[in-house]
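See below for the structure under consideration.
The values are calculated or read from the model by the stated rules, or taken from the named source; none is laboratory data. Predicted model only: the values in this text are computed from it and were never measured. Because the Cβ atoms are built from the backbone with ideal geometry, glycine has one as well, and the counts that use them run over all protein chains shown. The accessibility values were calculated without ligands, DNA or RNA, using every heavy atom of the protein model including side chains. Shrake-Rupley method; radii C 1.70, N 1.55, O 1.52, S 1.80 Å.
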Amino acid sequence: MGWHACEPPATRWQKKSKRWFSLSFRSRARFYCTIQRTTPSDSLSLTEHLRSTICSCIVSTFCSAFRWTSRTLSVPALPALVLLLGFLIETWQNGNRFLECLGDIYPFDKSGDMLAFFVSYDRKQFNSFSSDVFLNNITVFGFGGNVVTILLMAVLGMSKTNTLGNRRMTSLEKVVLQYLPILGAFLSLWDVIILLRSMQSGEAMIYHLWFFRCSRFAVWVIVILLSRSSRSSFVFFDRILCFWWILKPILVIPLLLTSFTLSGVLVCLKESCIVLVDVLFGISINIIRSKRASFKTGSIEESLLPPDGDESFLRDPGDADSFWNQMVFKSIDFVMNRGVLKQLDFEDLLPLPTDMNPSSCHEKLQSCWEAQWNQNDSDPSLFRSLFHAYGWAYLSLGLLKVINDCIGFAGPLLLNRLIRFLERGGSGHLEGYVLAVSLGGTSIVKSFLDTQYSFRVAKLKLKLRSSIMTVIYQKCLRVGLAERSRFSVGEIQTFMSVDADRTVNLCNSFHDMWSLPLQIGVALYLLYTQVKFAFVAGVAITVLLIPVNKWISELIASATQKMMKQKDERIRRTGELLAHIRTLKMYGWELLFSDWLMETRSSEVKHLSTRKYLDAWCVFFWATTPTLFSLCTFGLFTLMGHQLDAATVFTCLALFNTLISPLNSFPWVINGLIDAFISIRRLSRFLSCSEHQYQQWKLVDSPYSSGNVAVVMEDACCDWSSSKSEELNIIINHITLTLPKGLLVAIIGEVGSGKSSLLNSILGEMRLLHGSIRSARSVAYVPQAPWILSGTVRDNILFGNNYDSKRYCDTLQACALDVDVSVMAGGDMAHIGEKGVNLSGGQRARIGLARALYHSADILMLDDVLSAVDAQVAQWILNNAILGPLMDQKTCLLCTHNVQAISRADMVVVMEKGGVMWVGQPAELAISEYSAFLTLTWSNALLQCPVQESCMSSSEVREETELLSALEIAQEIIEEELRKEGRVELIVYKKYAAFAGSLIAFVILLSAVSMQASRNGSDLWLSYWVDTTKGSSETASSTTFYLVILCLFCVMNSFLTLVRAFLFAYGGLRAAVKVHATLLCKIVNAPVKFFNQTPSGRILNRFSSDLYTIDDSLPFILNILLANFVGLLGIAVVLSYVQVLFLFLLLPFWFIYSRLQFFYRSTSRELRRLDSVTRSPIYSSFTETLDGSSTIRAFNSQDFFWAKFIEHVALYQRTSLSELIASLWLSLRLQLLAAFIISFVAITSVIGSRGNLPVSFGTPGLVGLALSYAAPIVSLLGSFLTSFTETEKEMVAVERALQYVDIPEEELGGCQLANLDWPSQGLIEFQNVTLRYGPTLPPALRNLTFTIPGGMQVGVVGRTGAGKSSILNALFRLNPICSGCILVDGLNINNVPVRDLRSSFAVVPQSPFLFEGSLRDNLDPFRMTDDIKIWDVLEKCHLKDEVEAAGGLDLHIKESGMSFSVGQRQLLCLARALLKSSKVLCLDECTASIDTRTASLLQKTLSSGCKGTTVITIAHRISTVQDMDCILVLDHGVLVEQGDPKDLLEDEFSRFSSFAKASTM
């Protein structure tokens, strides 16, 4: 046997192959038997015959394959195939003779062929070596196949859901899915037991066998478990699993052949049975699958089709998709195709999977929380509830996380092998290709695993967010007002927004807690294998930076906490300013409030700047750590006497990149966990509040259950404190009261006597300290400030009840709403703005009353509903609603100051200081000590008038409401929020750059490019170092030289990084300050019309979430975008320099990338805008529910509002899910694109290493640099597009802010400055004044002319909508007049600067306004009055005693003045006006919520204390203006009467007289 070295290999191969392939099958078998040293004779044993036959088949098949591929395969590629055959045969006895004979047929060059090594090697050693190695390899193959099978079944089991129900199994399916797996499990278990016994007997066992046999047993166990579940059909009959089960037995055929060779008969029989069961199972599931496919295409398919319009049959995204479609997120293709063509709507979104439905998510968490509550009602744990609900599903994702993290380290290891291969000059061509393809393949596998893990974690986060939101909302529906007083409204809103998100982020942080240490540990071990203990230097630098980063993070946390506190205060002040902007403009206080707001903003920016500059230091350390790491590590490695090579350097660089991120992220992960657990404790505290139990108020087993009693209070004491509060402030003091059914009960008393608290105690909203309270089953409630929903008029009245047209129309007519509704744009489907902003106070009260009437409850509780309407409307409501046919046999509890209602009540309850002082009938009240409530100071004048019918006709109601509807309702239409389409315009970016400073923007860009250039220069210098010193001994001087240059690059990179970070922080802060200042200035100077048409929540959203984005998120994401851009630019330059062919790839690559990003961005923009639109209703609905929770509970409408909230959350979930899948769709494709680039660079490097091409592909150092640069391109590409898309999304906040920067301003200037003492007389002249609220609307004032002499007190009366408030609007220039002029002391007010004008007048608004702060600041915010005068005015307003008892002038007023009753708030506003000492005082129905006696005293105060002051009083109560000097009667904007009130009362035909007769007040 010779090697024929004299002939070329190709010639030898051609000769031998012709001879070999010309042999017949029998000749080849005879050849094989020759190898065995025997001939096919009877002397052979049965085992040898079997072995010979099988081997002949293998040889024949192998040679046939050679013949088929001889025309297409080159000679150098054949050794791999020959080597495979040798491995198969080598496990057999004397297999080396086969290789010898084959070597005689196929001689190779000894220097280049592995076969020559095996043939020339010592045969005994080779036999032992080959059997061990081959046994290890084939068991590893089998183990790998089993692991893939388990993973496939797990993924299919998690992703497949049975949407069509369980189909009955056939007998064949039962045998295949139930009996075959049991047989396979039994045989596999027997195999494991045999292995265990062999180990106990002392035999040495290879651990590969343990892995293989245990995994085989695990496969069958999982099959048995899955076959019992409802998902078995969808798992085992999936096309991918069926195909895999056919391929899987091939992996164990070599092991089966080995068993035949080395084992006994029983072992061979056992292995054959196991493989046979495996094969039978694979064939069977494929047969059943094909039968099912044909069955589905039959006629029965039609019966399974969903009916038309049945949306419930919509597929869950991915539920019925193939496994491949789920892996590549194909379900989002439809949405993205629509996003490119048009603006997306909600119907274009993906349907929500069943398990993500908010209702099912809520039920899961709620049941776990209730179980916790039952186990430990004193301190239930929300964390345990979350774990029981989602913990196991979340922990199961940890296995995917482990696999993903481990595969991440395959890249650096393969990179090391590939560079070492290149350093050897490319010897072993096939090995290089395998390594290159493996490097790309690893990236592909990791991309799939990474996106699937991210998808499943994000999907779990969406479920968790939905669960927490719904649980919080339901708790708000169930907690009473007293118990809720432990938390402020802002706190509860924070639970829904901030704490819910922090808790959801626990999903990311919890797995990172163990994943990051694992990544750090593996990376350090791999570094040790490369540079030994030199890695300690780099790690020391990083570890030393950890406490620095921790210290900085603590400072950041402290600054953030202080900043958030100031931000909360700023948003509160902003909300206060927006809620009362009309009043503030009338006071002339808008600049004062904006100054206070700017002070708060300055404090916020101070802490924000601290945080941003600390963030800049963090960015600096994070960006420079890799450079410092490499410098210290390689410097110490060379100083220790080692020589750097390309494989070591660039493997370490790859490991550095893997290590830095976990080291820097770990402190933030810990902070995230801490924040999450703090939020969980906060939520647990809120969810642990005792709930409003209306059951305890029902009449059950009581002596009053006969049906004649509506309300029973027995020695009841109540207060507004929570159950955890130790301080008691008893409001309802030992009340014993029994109210029969079917009566009108009038509850009266002075301001602050406890009337409203009495109603709330019956509703169960207060904390019951002593006694008992019981009431009838159904209740309807109208609070003093009626709660109006954002929605239609009909929605507000129906309140979730079914629509009954007759009852609905009767209710509208009884509440005098029929004509108002008929003239509205859209009728009763007209939209009502936030808190009824586009309704008058009277309309809000009447809608609340209509809601209560339509509800048809047993008890109606009405809290002063008549005070908001004028006398005529009040009389109509009293006769037709409160005492009308709709109230038949109903009990009505009416808190009121209306004398007519008191006199017509069946029972009167007089309250004083929280107690019931007197109960009786109205006739008895007139002769009691409380008769003052019925006293009329001008009743004699009424007695002189002939008695007329007191009821208003329907036509009069129409007349009364017509003008209001035409003028106020039509012009106050709420504008829909503008939603822009397409990409964010370039002008938005330019304006943001202008806000930050154009020079700053240019320097930032320059520093970023220079920073990346220094980073690339450092890496290029390293590659030059390793290439220059390769194969030569380094001297100390040369090492020092290389290290010094490397240090210079590091210093330059660090300095430029620091410059970029701090300039970015400065520019972002400057832009945030300017945007807020500009926006606030524009909003404050906007006309009142803008605020009437724009909900305050929409404006507040600009100052809260949008401004937070501009403050924090936008600069952060812009910084990341710039870093990613210059990083990609640097990678492109380096790859183009190292490998010229990359330039040819660059153009198509950029084309594909740009098309991908365009395709994605078109959809992502729309999805982000839809996300903003769907998020707003959740928080708006939540805020509305907080405001009206007592009304919702009173009407027992929790289910209705719960269903509405679920709809909002479901829509939000759909948007979030679509956005999530779209982002992962992009991420996967970008990672696959990057994997192609890595493969391209690696393969071209292998090709270039042969030196057969004219173009050089670089030295090993440069190739290593290119490969190390190509590896992170996976994350960098995705990060760049993500940051680019996120930047565009965040720029929407700037776009939204700029929308309000361009709003029109009211006319502030004037050509004539008034004197400081103007007006000195108070002379007011209206000369032909016409006022319109819109160009297409009828005038509110029509050529109005009148003169009010200085010092005269004038009352303005008229029906609702007659134009009374329009006089004040014109006088204060809240709305510009169309024609005419208004003179004050002879000066045209249009020529006076508007703020000077308004600050010269005093006004008391209809809605009392108190802001949070001290009482002194509320009365005198400019601190221009001493305390003596303040106390004097408070005494005149009958508030001195209450203020002294509450704590004096330093008393802290809570938000909106909630510590005072509505009447007391109006009195404080009156005191504020009197302190101003203006010559013009305007009162806009300031006594509406004050009892008659207090109102009478105030009239005397005004008469005596305001002499010489012009007083204009707009009143609904005729008694309010009875002592005025003059009366102006308006109708349809025209002055119809003017004169002395006494003279007008004496004229029975005067309008004023008719008002007085109707009122009797």
(request) Just give me the residues in the stretch 507-516 being modelled with pLDDT of 85 or more and either open to solvent by less than 60 Å² (accessible area, probe 1.4 Å) or under 25 Å from the mean Cα position of the chain (by Cα) (or both), in sequence order. (result) Cys507, Phe510, His511, Asp512, Met513, Ser515, Leu516
(request) Could you tell me whether the stretch 1163-1170 includes any residue that is hydroxyl-bearing (Ser, Thr, Tyr), part of a helix (DSSP H, G or I) and modelled with pLDDT under 80? (result) no
(request) Scan the stretch 838-860 for residues that are in contact with a Leu (Cβ under 9 Å, 6 or more places away or on another chain), open to solvent by less than 10 Å² (accessible area, probe 1.4 Å) and touching a residue at least 60 places away in the same chain (Cβ under 8 Å) and jot them down. (result) Gly842, Gln843, Ala845, Ile847, Gly848, Leu849, Arg851, Ala852, Leu853, Ile859, Leu860
(request) Confirm whether Thr1330 is out of contact with any helix residue (DSSP H, G or I) (no Cβ under 8 Å at 6 or more places or on another chain), over 22 Å from Lys1479 (Cβ atoms), of a type in the set (Ser, Thr, Tyr) and free of Cβ contacts under 8 Å to residues at least 12 places away in the same chain. (result) no
(message) Among the residues in the stretch 1110-1117, are any small (Gly, Ala, Ser), without any contact (Cβ under 8 Å) to a residue 12 or more places away in the chain, assigned to a helix (DSSP H, G or I) and in contact with a helix residue (DSSP H, G or I) (Cβ under 6 Å, 6 or more places away or on another chain)?
(response) no
(message) Asp278 - would you say it is among the charged types (D, E, K, R), at pLDDT 70 or above, open to solvent by less than 50 Å² (accessible area, probe 1.4 Å) and in contact with a Leu (Cβ under 7 Å, 6 or more places away or on another chain)?
(response) no
(request) Count, please, the residues in the stretch 1334-1372 that happen to be surrounded by fewer than 20 Cβ atoms within 10 Å (Cβ to Cβ) and in a loop (DSSP other than H, G, I, E, B). (result) 9
(message) Of all residues being charged (D, E, K, R), under 23 Å from Gln1093 (Cβ atoms) and in contact (Cβ under 8 Å) with a residue 60 or more places away in the chain in the stretch 799-836, which is most open to solvent (accessible area, probe 1.4 Å)? Just the residue, please.
(response) Lys835
(request) Could you please find all residues in the stretch 710-739 being touching a residue at least 40 places away in the same chain (Cβ under 8 Å) and open to solvent by 20 Å² or more (accessible area, probe 1.4 Å)? (result) Glu714, Asp715, Trp720, Ser723, Lys724, Ser725, Leu728, Ile730, Ile731, Asn733, His734, Thr736
(request) Restrict the check to the stretch 704-715 and report whether at least one residue is on the phi > 0 side of the Ramachandran plot and modelled with pLDDT of 75 or more. (result) yes
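Residues checked against (1) in contact (Cβ under 8 Å) with a residue 40 or more places away in the chain; (2) among the aromatic types (Phe, Trp, Tyr); (3) buried (at least 19 other Cβ atoms within 10 Å of the Cβ):
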residue	(1), (2), (3)
Ile541	yes, no, no
Ala557	yes, no, no
Gln566	yes, no, yes
Arg570	yes, no, yes
Thr583	yes, no, yes
Trp596	no, yes, yes
(request) Assess whether Leu365 counts as being part of a helix (DSSP H, G or I), of a type outside the set (Ser, Thr, Tyr) and open to solvent by less than 20 Å² (accessible area, probe 1.4 Å). (result) yes
(message) Looking at the stretch 1103-1112 only, could you name the residues that are buried (at least 21 other Cβ atoms within 10 Å of the Cβ) and out of contact with any Ser or Thr (no Cβ under 7 Å at 6 or more places or on another chain)?
(response) Asp1106, Leu1107, Thr1109, Ile1110, Asp1111
(request) Sort out which residues of the stretch 368-389 are at pLDDT 85 or above and either of a type in the set (Phe, Trp, Tyr) or open to solvent by 70 Å² or more (accessible area, probe 1.4 Å) (or both), and write them in order of number. (result) Trp369, Glu370, Phe383, Arg384, Phe387, His388
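Let's see how each residue does on (1) buried (at least 24 other Cβ atoms within 10 Å of the Cβ); (2) on the phi < 0 side of the Ramachandran plot; (3) modelled with pLDDT under 90:
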position	(1), (2), (3)
Leu862	yes, yes, no
Val869	yes, yes, yes
Val873	yes, yes, yes
Pro885	no, yes, yes
Gln889	no, no, yes
His897	yes, yes, yes
Gln900	no, yes, yes
(request) Select from the stretch 1223-1239 the residues that are surrounded by 23 or more Cβ atoms within 10 Å (Cβ to Cβ) and either hydroxyl-bearing (Ser, Thr, Tyr) or under 24 Å from the mean Cα position of the chain (by Cα) (or both) and list them in ascending order. (result) Ser1223, Trp1225, Leu1226, Ser1227
(message) Residue under question is Thr1078, and the condition is that it be open to solvent by less than 60 Å² (accessible area, probe 1.4 Å), more than 30 Å from Asn838 (Cα to Cα), of a type outside the set (Lys, Arg) and in contact (Cβ under 8 Å) with a residue 24 or more places away in the chain; does it hold?
(response) no
(request) Restrict the check to the stretch 1448-1459 and report whether at least one residue is part of a strand (DSSP E or B), open to solvent by 50 Å² or more (accessible area, probe 1.4 Å) and either at pLDDT 85 or above or not basic (Lys, Arg) (or both). (result) yes
(request) Filter the stretch 314-331 for residues that are modelled with pLDDT of 80 or more and not β-branched (Val, Ile, Thr) and give the result. (result) Asn325, Gln326, Met327, Phe329, Lys330, Ser331
